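Everything below concerns the one structure shown next.
Each value in this text was obtained by applying a stated rule to the coordinates, not by laboratory testing. Predicted model, so just to flag it, every value in this text is computed and none were measured. So basically every Cβ, Gly included, is an ideal-geometry build from the backbone, and we count neighbours across all protein chains shown.
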Amino acid sequence: MNSLKSQGFAPVVSHLKKDGSEWTVKEKLMLGLSPKEYWAVQLRNPFNWVLWAIYAVGLPILVGRFIYGLGWVTHSSYDYPWGLFLGWGLFVMVPLSASGFMMGTTVELFGRKDFKSIERLGLLNGLLGYLFAVMFLQVDLGQPWRLIYPMFVSLGPAAVLFLVAWHVATYLSCQVAELVPAFAEWMGFPKAKQFIKKIVLGLTVAGIILSTLHQGALGALFTYAPGKVHPLWYSSSFQWFQFFVSAVFAGLSMLIVVSTLTKWFMRWRCDETYLNNLSKLTLGLAKGASLALITYLVIKIIGIAHDNDWQYLASGWGAWFMFEMVVGVILPLIFYTMAVRNGNASLARFSAFLAVFGLALNRLNTALITFNWQLYQEIPHWREVVIVVTVYATYIVVYRAVLARMPILYTWKEKK
Amino acid sequence: MKKLHRRSFLKGGLVGGAAIAAVGTSKHAEAAGSFGGYPDSMGVLVDLTKCVGCRTCEAACNKEQGLPAPDKSFDDPSVFEEKREGGLPRRTTEKAYTVVQKYDVPGREHPLFRKVQCNHCNEPACLTSCFVNAYKKTPEGAVMYDPTVCVGCRTCMVACPFYIPAYSYSSAINPVVKKCIMCYDTRLKFGKPPACVEACPQEVMTFGKRKDLLKLAHQRISEKPDAYVDHVYGENEVGGTAWMYLSDVPFDKIGYDTHLGDQPIISYVKEFLAIVPMVLTIWPALFTGFHLLSNRKDGLKNEDNKS
Ligand code: SF4
Ligand code: SF4
Ligand code: SF4
């Protein structure tokens, strides 16, 4: 598509075509291309070839999971009840999607309108991340059709997961509402947009509360297993706070990563305002992320000191822990700080990739790798890995499809 | 043989449990630990010194609970040599609510046999972690599970400190948690001892009120101090359990986790649960305040570029 644009193709940015007539919904879905052009573009894109390959293998296995049960795609471990589906799909996806509430807070609450051009990307990143976390959950639950039981059928309000379930559900609706304006512009429903504008402050505050609690709750889930998670990754008192603070830098870093990817691969869809502001905003996000990183580093150290876990640092697990901390926390912290000081957006982008990696490593370490550290290591079944890749690929497909259409990376031009 | 003693080659790690136990004694924990279960609840005292590993209890449980036929018959001693991943001994599964493990203890005349099943904790981790309230602790002491509401998130399996609940992963349509229910609906409810207890030819297990069993346990230890280690496993572990154990071999040598601490598992979660109402009440005011402040600061400047 980038090359198409350089050949003079103009993407849809308003309800009106160049000749003054209106785009139909179908034409908008086709990105303003003729069907033939549209499919030709899809076929030419090598990334799509990769996706088709993933689906060719992954879809049958995903279907098989629901026909033959979890036992067919996992090792059916009683000792490791949670595998990659939750380890990756829930514990990694959700913090990486914390960008939604932070952009909402920055723009709507703190009135930093200068972040406006990236706010919607932050919100979308949040919404899709949560949506697919729920998808992963649906793959993992033994009886996915009972998903609403904790809401309406049999309530266990004293459990941490109860809080997660309710908050993720409520927060999802919040995020949908926050993105209604983008959808409304694209479809041409001005009323819906007006309505959301009235309640946006409420939505944002709700988003902050829900996010603080469920990001923390994901950490608190592990306090049910005090002896099972390795002490270096476990802290009764600070687990929830560590998960919350790391979600802050993870969400911001993920936003930098995604915006970088859009700049590279979807440039045709970005408008001038977005592209021109991106470097400045990246540095703004980097500043926020570095503050969260330093806070995180400090509470990690406090956590170790509080439980007096120092002696573990000398073990093999300790070396692994240091690797995570250095590559995933300390280096990004240094690079972010340097980037902000020197106004170097590329360095901030590199740093963001590291921070995202560090977050993912931390969650996988907590949920899987160091879990049951006194027993044995569980290596996920290959089918489990294939399903994770397939669902994640779908996440990317949906993400890309929305970005290509709705006014996320560009500003919609209303007719005057 | 060495493989059985996972603790012995992981000594370095044991301090972790101790550290956790230390955290458990922090302020929030006390209140949680004071529940201690129903006063007249029943329990079982298992005297490991008497067990000969005949697996009659396994067979009785299988019959009582209508479980599928085992892979190897109940008189086949080769199951004792089976190892699951990590060289660990056999554990409870979806087909077996109770299993007997064998431990070769250096210097002991015979191997030691250990019966494993749900311990029916006073404050069960499985119960407190379940978000659909599928578990119930009955006044009689059994920890029951309701398969009709279970969503299958398996948090209870993550939470159980004894690695007890199993899951019928093989079922696509109705997978459920499988664990010992202390024969509640067929026996305990009517005041009868569980099937495995009654079936045991060696009278390894004594069924009775938990508080009486505790007295009995300590009495046995004081009568024969040489025959037992001075510890009733389950008296205080994770807030106390209905099934308790006497042994002549230190518990950490025969696969028992002796670093669980005396606080129920839920006490480790309390720090988080305590902040929930705080966040719910303080955050809205705080952030709306921030909003008002930052908007006043910006003045009317932004009024027109809101779009
Ligand atoms: S032993 Fe495990 S499954 Fe049994 S009551 Fe205690 S926590 Fe629940
Ligand atoms: S697996 Fe079932 S019983 Fe266990 S916590 Fe989840 S919903 Fe509750
Ligand atoms: S108490 Fe009943 S269900 Fe539990 S192990 Fe014994 S026979 Fe089986």
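Proximity of backbone amide H atoms, modeled 1.01 Å from N, is registered between B:Tyr167 and B:Glu94, B:Lys178 at under 5 Å, excluding neighbours fewer than 5 places apart on the same chain.
Please compute the Kirkwood hydrodynamic radius over the range B:55-176, one decimal place, Å, based on all pairs of different Cα atoms. Spell out each step's value before the answer.
Details: mean 1/r = 0.0626 Å⁻¹.
Roughly 16.0 Å, rounded to one decimal.
Between amide H atoms placed 1.01 Å from N, distances below 5 Å from B:Val116 occur with B:Val99, B:Val100, B:Gln101, all of them 5 or more places distant or on a separate chain.
Please check which bits of the range A:65-86 a label hung off A:Phe323 would reach, taking the label as a point 7 Å along Cα-to-C-beta and the cut-off as backbone N under 12 Å. Under 12 Å, as judged by backbone N against the label point of A:Phe323, lies no residue of the range A:65-86.
Across the range B:101-114, computed HN-Hα scalar couplings (Karplus, 6.51 cos²θ - 1.76 cosθ + 1.60, θ = phi - 60°) run 10, 10, 10, 7, 9, x, x, 9, 4, 10, x, 9, 10, 10 Hz from first to last residue, x flagging Gly and Pro. Here the Karplus relation 6.51 cos²θ - 1.76 cosθ + 1.60, evaluated at θ = phi - 60°, turns the backbone of the range A:64-72 into coupling constants of x, 4, 7, 8, 9, x, 4, x, 7 Hz, with x for every Gly and Pro.
Karplus-derived 3J(HN,Hα) values for the range A:5-11, using 6.51 cos²θ - 1.76 cosθ + 1.60 with θ = phi - 60°, are 5, 5, 8, x, 6, 10, x Hz; glycine and proline are entered as x.
Mind checking the range A:1-80 for trypsin sites (Lys or Arg not before Pro) that DSSP puts in a loop (not H, G, I, E or B) and that have at most 14 other Cβ atoms within 10 Å?
Numbers: sites: A:Lys5, A:Lys17, A:Lys18, A:Lys26, A:Lys28, A:Lys36, A:Arg44, A:Arg65; in loops: A:Lys17, A:Lys18.
Hits after loop and neighbour filter: A:Lys17, A:Lys18.
Report the FRET efficiency, 1/(1 + (r/R0)^6), for A:Leu275 and A:Asp114, where r is their Cβ-Cβ distance and R0 is 22 Å, rounded to 0.05. The value I calculate is 0.90. Using a simple spin-label model with pseudo-atoms 7 Å out from Cα toward Cβ, A:Leu16 and B:Thr148 lie 6.4 nm apart. Once the Cα atoms are used to define both axes, helix A:116-140 deviates from the longest principal axis of chain A by about 50 degrees. Taking the centroid of alpha carbons for each part, the range B:171-245 and the range B:66-120 are 17 Å apart.
For the range B:42-264, report the translational diffusion coefficient in µm²/s to the nearest whole number, using Stokes-Einstein at 20 °C, 1.002 mPa s, and a Kirkwood Rh over Cα pairs.
On the way: Rh = 17.9 Å.
Result for D is 120 µm²/s.
Site pair A:Gln377 and A:Ile148 shows an inter-label distance of 4.4 nm when each label is modelled 7 Å from Cα along Cα→Cβ.
Note on the range B:42-264: with charges restricted to the Cβ of Lys and Arg (+1) and Asp and Glu (-1), its dipole about the Cα centre is near 500 debye.
Taking amide H as placed 1.01 Å from N in the peptide plane, the amide H of A:Arg112 sits under 5 Å from that of A:Val107, each at least 5 places away or on another chain.
Give the average over all directions of the projected area of the C-alpha convex hull of the range A:118-197, one decimal, in nm². It would help to have the intermediate numbers written out before the result.
Values: hull surface 26.9 nm².
Answer in nm², one decimal: 6.7.
Computed over the protein assembly as shown, the per-residue total of -39500 (n - 2.57) for DSSP H runs of n ≥ 4 gives a 222 nm mean residue ellipticity of -16500 deg cm²/dmol, rounded to 500.
Expressed as a whole percent, how much of the Cα-Cα distance distribution for the protein assembly as shown exceeds 36 Å? Please report the intermediate quantities before stating the final value.
Details: 122308 of 261003 pairs.
The proportion of pairs with Cα distances above 36 Å equals 47 percent.
D by Stokes-Einstein for the range A:73-229, Kirkwood Rh over Cα pairs, 37 °C, 0.692 mPa s: 195 µm²/s.
Residues of B:167-179, mean number of Cβ from any other protein chain within 10 Å of their own Cβ, rounded to a whole number?
Details: counts 7, 5, 12, 6, 6, 11, 5, 3, 7, 2, 2, 1, 0.
Average per residue, whole number: 5.
Principal axis extents of the Cα atoms in the range A:26-405, from largest to smallest and rounded to whole angstrom, are 61, 54, 42.
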